[in-house]
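Written out below as structure tokens is the structure these notes cover.
Derivation of every value follows stated rules applied to the coordinates shown; laboratory data play no part. Everything numeric here is computed off the predicted structure, so don't read it as measured data. Note that we place each Cβ from the backbone using ideal geometry, even for glycine, and neighbour counts take in every protein chain shown.
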Amino acid sequence: MLFFAVGISAQSAGIESIYTDLNAKNCKTLEQSNEYTGWYRGECPGIGGYKLQVTEGDIRQSIDVVAPNKKKYQLDFTSIVSGGFSSVGEKAEWRVTRKGKIITPTAFIVRYNASENPEDSTKITSYLVVTKITKEEICITDIVKPDAKANEEARKLADSSPTKPCKVSEN
């Protein structure tokens, strides 16, 4: 009986996940430097008119969000999540609501892999970064550390993110 009640509660919330690709081969390259300077910016399709731009410089990646009105929001993963060498995961999980054929994103979750151990750069910490999307702002609200239930926790945090404050750089 409890399972049934939980199922209805989740369904009545009306929030679901849609995934988009962040893999460079499926995104449009906007800027790219030579192999020595290592700069890249690619634009990946999103949901509801939003696009995600994956940026890389100095072997560190981040994401900028381009809203349907073309306004760009820089998430600055390297200052807010980790300054270590890093890469974003290959998928973005968008938390969305549907009204008929209209899909409205309220948040998204991205895996962020950071090398934070100066003794052994092969040791990677894999965070889940939660970003809220509201009419007023788009910003990181939560960083989920590795854990067996990290995906479920990130979804819960994403679903409550519209009312949360933005994280700011600790630098």
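Structure notes:
- Among the residues of this structure, Asp120 counts as one that is surrounded by fewer than 18 Cβ atoms within 10 Å (Cβ to Cβ) and of a type outside the set (Ser, Thr, Tyr).
- Residue tally, condition more than 16 Å from Ser161 (Cα to Cα), β-branched (Val, Ile, Thr) and touching a helix residue (DSSP H, G or I) at 6+ places or on another chain (Cβ under 8 Å), over the stretch 60-110: 2
- Every residue from the stretch 41-54 that is touching a helix residue (DSSP H, G or I) at 6+ places or on another chain (Cβ under 9 Å) and buried (at least 17 other Cβ atoms within 10 Å of the Cβ): Gly42, Cys44, Val54
- Residues of the stretch 117-136 satisfying the condition of being touching a Leu at 6+ places or on another chain (Cβ under 9 Å) and hydrophobic (A, V, I, L, M, F, W, C): Leu128, Val129, Val130
- Only a single criterion out of (1) of a type in the set (Gly, Ala, Ser); (2) surrounded by 13 or more Cβ atoms within 10 Å (Cβ to Cβ); (3) on the phi > 0 side of the Ramachandran plot is not satisfied by Gly100, namely (2).
- Cβ-Cβ under 6 Å pairs, at least 6 apart or on other chains, the stretch 80-99 side outside any strand (DSSP E or B), far side buried (at least 20 other Cβ atoms within 10 Å of the Cβ): Ile80/Ile140; Val81/Tyr112; Val81/Tyr127; Val81/Val129; Ser82/Ala114; Gly84/Ala114
- Residues of the stretch 100-126 classified as over 22 Å from Ile15 (Cα atoms) and not in a loop (DSSP other than H, G, I, E, B), total: 7
- Within the option set Gly42, Gly49, being closer than 19 Å to Thr131 by Cβ, of a type in the set (Gly, Ala, Ser), outside any loop (DSSP other than H, G, I, E, B) and free of Cβ contacts under 8 Å to residues at least 24 places away in the same chain holds for one residue only, Gly42.
- Taking the conditions (1) farther than 25 Å from Gly38 by Cα; (2) surrounded by 14 or more Cβ atoms within 10 Å (Cβ to Cβ) in turn, Glu136 satisfies each one other than (2).
- Top-ranked residue in the stretch 107-151 [being farther than 20 Å from Val168 by Cβ and among the β-branched types (Val, Ile, Thr); ranked as farthest from the chain's Cα centre (by Cα)]: Thr122
- Residues in the stretch 74-89 that are out of contact with any Ser or Thr (no Cβ under 6 Å at 6 or more places or on another chain) and either farther than 20 Å from Asn23 by Cα or loosely packed, with under 15 Cβ neighbours inside 10 Å (or both): 4 in all.
- Residue in the stretch 56-74 that is within 24 Å of Lys156 (Cβ to Cβ) and more than 11 Å from the chain's Cα centre (by Cα) present: yes
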